[in-house]
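Each remark here refers to the structure printed beneath this line.
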Amino acid sequence: MTGARTSAVRRLAGPVSILTVRHDSRVHGTTASTTTLVSTRPLILGTSLRAGSVLGELAIAAGWFSVNVLGGGQAELARWFADSRRPPGVGQFAGLAWRPDPLTAAPLLEGTLAHYSCRGAGRFVVGDHEVLLGRVVECDTASGDPLLSFAGDLRTLTGKDGSTP
């Protein structure tokens, strides 16, 4: 992408989520900044992932995945699940407060703004990314402000996230 296009794309603000999945004994989580509503009837969410991602592969194999929508104070959590150097498998959740999703068995992170339990509804490759669709079967919410991705930074509704150096 050219500099102007990159700059323009980075102006698309989006909520930051951690997608989680469990398939057999494998557990995985990843940060996503493009999860969005695709349909209200039925309720379907879509998220864009790097093509060939571990999360995408496991979600299709499992048939389920979970979405954890992050709040304004959870920037470090977003950075952790975006870091390719974090431990694999359940080790990436060590020291974090979470519980298994009753439907998907994937980790539901404590303190998030919303959880969605999604049945896989499709996956397709678009350019260098893949779109993962999930039909929401269960969800719950909490109050608070969202963590947003904007212009390459993690932000809250009131400005730049306080934990950003």
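The values are calculated or read from the model by the stated rules, or taken from the named source; none is laboratory data. Since this is a predicted model, take the numbers as computed values, not measurements. Note: ideal-geometry Cβ built from the backbone for every residue, glycine included; neighbour counts use all protein chains shown. Side chains are part of the model used for accessible areas, which takes the heavy atoms of the whole protein and leaves out ligands, DNA and RNA. Shrake-Rupley method; radii C 1.70, N 1.55, O 1.52, S 1.80 Å.
Candidate values (i) 139; (ii) 126; (iii) 166 were compared with volume of the Cα convex hull per residue in Å³ computed on the shown model; the agreeing label is (ii).
Please give the per residue accessible area of the chain, computed with a probe of 1.4 Å over protein heavy atoms only, in Å².
Per residue, the chain has an accessible area of 53 Å².
The longest stretch of the chain left intact once loop-based trypsin sites (Lys or Arg not before Pro) with at most 10 other Cβ atoms within 10 Å are removed from consideration, loops following DSSP, is 86-165. The relative contact order of the chain, computed from alpha carbon pairs under 8 Å that lie at least 6 residues apart in sequence, is 28 percent. Over the range 14-107, the hull volume per residue, using the convex hull of the C-alpha atoms, is 110 Å³.
Here the range 5-98 exposes an accessible surface that is 56 percent carbon and sulfur, computed with a 1.4 Å probe and the other protein chains kept in place.
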